[in-house]
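J.: Here it is: the structure, laid out below.
Since every read-out is calculated from the coordinates, none of them should be taken as a lab result. Keep in mind the model is a prediction, meaning the values are calculated, not measured. Counting neighbours? That spans all protein chains shown, and the Cβs are built from the backbone with ideal geometry, glycine included.
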Amino acid sequence: GLALLVGLLSLLLLELFRWNSSRSRSPPGPKPLPFVGNLPQFSKDHMGFIRSLPKYGEMCSIFLGRKPTIVLNNMQLAKEAFVQNGTVFSGRPLTPLQAWLTKGYGIILADYGHSWRQQRRFALHTLRDFGLGKKTVEERVAEEAHYLIKEMLKQEGKPFYPIHPIMNAVSNIICSIIFGDPFEYDDKRFAKLLQILNENIRFAGSTVAQIFHLVPIIKYFPGPHQKIRHNFEALKNFVFEIVEEHKKTLDPDNPRDFTDAYLIQMTKEESKEDTTFHLENMMNSVFDLFIAGTETTATTLRWGLIYMMDHPDVQERCHEEIIRVLGWDRSPCMEDRASLPYTYATVHEIQRYANVVPLSVVHETTEPTQLQGYHLPKGTMILPNLTAILADKEHWKYPDTFNPENFLDEKGQFCKNDFFLPFSLGPRVCLGENLARTELFIFFTSLLQRLKFSWPPGAPPANMDGLVGTVRSPFPFNTVCRSRETTH
Ligand code: HEM
């Protein structure tokens, strides 16, 4: 008994010692507790915690597991690491949870290297090249915006929670790119797919996921993580089913969508021994494009509705500008940005203020390196603090409030700001940036052309920090929409 106690105590001491010595070699940061690090502070008030980080310096460390994670709190340092030293700072850690679920295939969670580079490049080209059938992406989004408006008007004048119609509209765009035919809003397979995505995203930000990092052995026990694993299997089957359907009608000279293009690439590279184009990578790339392409954009649009209801003056000015330029019937296209400076600035401000990926996605150093005089061993986890950059007091006119003037000059013309960094930076920069910008501008402009949004009478004020996982999303809320044409 005594031997066991002494053994346990020495293990504890060893752990404390290891942890203390890694702390003393890391940049300063909020005081961590033994074993759980900064998790309690982080879980208690995510945004408060993230906003407090710059006070420890440009570079600070936080403990979300046993190892420190280095946070870069300003633009200059983020550029120095992720752009000037991009090859060293663009790895991804394979956490126990990811190893268990995705094995590091695909794009988002793949480590820096051959497979990631090939999959990323292929996805970028395919996203860029695909006119969707005979339609451009812009036309496709405008068409989807019409369905969205119709769907919302079914609830005209009544409070409703807009998450489902928005999610459907946004995911239909990426669906058309990946799978060809968009789904009907009431397709059961689509509903199942959305449910899986939602559950997995919610899980990624949950306490169980954090616990998994600390004690991966829970994978052998029942719990919500088993459901997530089950979801991955269901998703795999879903993709395989679609692949089989595509194979039957594939015309190698006329790829219809991402799935066709991928199948063609797989055949092309069949004889190469080191090809990275195989079903496992395909499944994970599809999953990545889907998950990254839906949640972020749909969440930004939901925040956008909240800001419009909170700032009816901004909403009116956008609407007036849109009607002046487009009239009631013409759908917006990207070229209209130039003649809609106020609306374009508002879309930017929504993205800046919504800050939907507050700490981006964690990177890892691919080799030992130095930053600001600190030695960083290979495998050090690094986070760019996008929250700090998007609200940098020295570079924004109104860092802490929602105000489209942040993107307007004295003449009311749109003006760019280099600190607008919602898509992160360097070799890992969001690969869907163009698609996301197209979707946000066209969905937003179409909605405000036709509809007016307001809070239901007596609605409590929205919690502006929202729910923070990897993605920061608003808590459920109701909106009331009215057709502008009938109130006109
Ligand atoms: C990565 C933001 C929409 C696909 C990322 C990252 C951020 C981000 C911050 C992490 C970059 C890093 O590692 O530092 C956003 C925002 C969006 C959006 C704010 C919309 C408002 C999209 C869309 C797609 C997409 C529409 C796809 C079609 C991806 C992919 C990655 C990524 C595949 C991983 C890139 C890599 O690891 O190489 N995004 N994103 N995103 N995004 Fe987006």
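Table: residues versus (1) under 19 Å from residue 430 (Cβ atoms); (2) touching a His at 6+ places or on another chain (Cβ under 9 Å).
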site	(1), (2)
35	no, no
45	no, no
69	no, no
85	no, no
95	no, yes
111	yes, no
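J.: Please determine, by comparing only the residues of the stretch 87-129 that are assigned to a helix (DSSP H, G or I) and of a type in the set (D, E, K, R), which one is farthest from residue 377 (Cα to Cα). Before the answer, list the steps.
T.: To start, the set of residues in the stretch 87-129 that are assigned to a helix (DSSP H, G or I) comprises 96-101, 114-129.
Pick out the ones that are also of a type in the set (D, E, K, R) and you get 117, 120-121, 128-129.
Working: 117: 23, 120: 26, 121: 28, 128: 37, 129: 40 Å.
For the stretch 87-129, the residue satisfying everything is 129.
J.: Continuing with the same structure: Residue by residue through the stretch 360-384, note down the ones that are in a loop (DSSP other than H, G, I, E, B) and either away from the ligand (no atom under 13 Å from the Cβ) or surrounded by fewer than 23 Cβ atoms within 10 Å (Cβ to Cβ) (or both).
T.: Of all residues in the stretch 360-384, those in a loop (DSSP other than H, G, I, E, B) come to 360-362, 365-368, 372-373, 377-380.
Scanning the stretch 360-384 gives 361, 362, 365, 366, 367, 368, 372, 373, 377, 378, 379, 380.
J.: Follow-up question, since we're still on this one. I'm trying to understand the selection: among the residues of the stretch 253-295, which are within 13 Å of the ligand (Cβ to nearest atom) and of a type in the set (Ser, Thr, Tyr)?
T.: Of everything in the stretch 253-295, those that are within 13 Å of the ligand (Cβ to nearest atom) and of a type in the set (Ser, Thr, Tyr) turn out to be 285, 294.
J.: Out of everything in the stretch 425-451 that is among the basic types (Lys, Arg) and more than 7 Å from the ligand (Cβ to nearest atom), what residue ends up being farthest from the chain's Cα centre (by Cα)?
T.: To start, the set of residues in the stretch 425-451 that are among the basic types (Lys, Arg) comprises 428, 437, 450.
Add one more test, that the residue is more than 7 Å from the ligand (Cβ to nearest atom), and what stays is 437, 450.
Numbers: 437: 13, 450: 28 Å.
It comes out as 450.
J.: Okay, next question. If a residue has to be touching a helix residue (DSSP H, G or I) at 6+ places or on another chain (Cβ under 7 Å) and either without any contact (Cβ under 8 Å) to a residue 60 or more places away in the chain or not polar (S, T, N, Q) (or both) to count, how many in the stretch 163-177 make the cut? Walk me through how you get there before you give the answer.
T.: Going residue by residue through the stretch 163-177, those that are touching a helix residue (DSSP H, G or I) at 6+ places or on another chain (Cβ under 7 Å) are 163, 165-167, 169-174, 176-177.
Filter again for either without any contact (Cβ under 8 Å) to a residue 60 or more places away in the chain or not polar (S, T, N, Q) (or both), leaving 163, 165-167, 169-170, 172-174, 177.
Final tally of qualifying residues: 10.
J.: Follow-up. Tell me the helices (runs of 4 or more DSSP H) entirely within the stretch 254-337 that contain at least 2 residues that are within 24 Å of the chain's Cα centre (by Cα) and in contact (Cβ under 8 Å) with a residue 60 or more places away in the chain.
T.: Values: elements: 258-268, 279-310, 312-326.
Filter on the stretch 254-337 gives 258-268, 279-310.
J.: Can you find even one residue in the stretch 59-75 that is part of a helix (DSSP H, G or I), away from the ligand (no atom under 11 Å from the Cβ) and over 19 Å from the mean Cα position of the chain (by Cα)? Even if it seems obvious, please write down each step before you answer.
T.: Keep residues of the stretch 59-75 that are part of a helix (DSSP H, G or I), which gives 75.
Remaining after also requiring away from the ligand (no atom under 11 Å from the Cβ): 75.
Checking the rest, the ones that are also over 19 Å from the mean Cα position of the chain (by Cα) come to 75.
Within the stretch 59-75, one or more residues are part of a helix (DSSP H, G or I), away from the ligand (no atom under 11 Å from the Cβ) and over 19 Å from the mean Cα position of the chain (by Cα).
J.: If you check residue 86 against the conditions, is it of a type in the set (Gly, Ala, Ser), surrounded by fewer than 20 Cβ atoms within 10 Å (Cβ to Cβ) and closer than 20 Å to residue 286 by Cβ? Lay out the reasoning, then the answer.
T.: Working: of a type in the set (Gly, Ala, Ser): yes; surrounded by fewer than 20 Cβ atoms within 10 Å (Cβ to Cβ): yes; closer than 20 Å to residue 286 by Cβ: no.
Spelling it out, it is not the case that residue 86 is of a type in the set (Gly, Ala, Ser), surrounded by fewer than 20 Cβ atoms within 10 Å (Cβ to Cβ) and closer than 20 Å to residue 286 by Cβ.
J.: Let me ask something else about it. Quick test of your reading of the structure: residue 422 fulfils all but one of (1) more than 16 Å from the ligand (Cβ to nearest atom); (2) under 14 Å from the mean Cα position of the chain (by Cα). Name the failing condition by number.
T.: Unmet condition: (1).
J.: If residue 480 satisfies all but one of (1) out of contact with any strand residue (DSSP E or B) (no Cβ under 7 Å at 6 or more places or on another chain); (2) not in a helix (DSSP H, G or I), what's the number of the condition it fails?
T.: Looking at each condition in turn, residue 480 falls short on (1).
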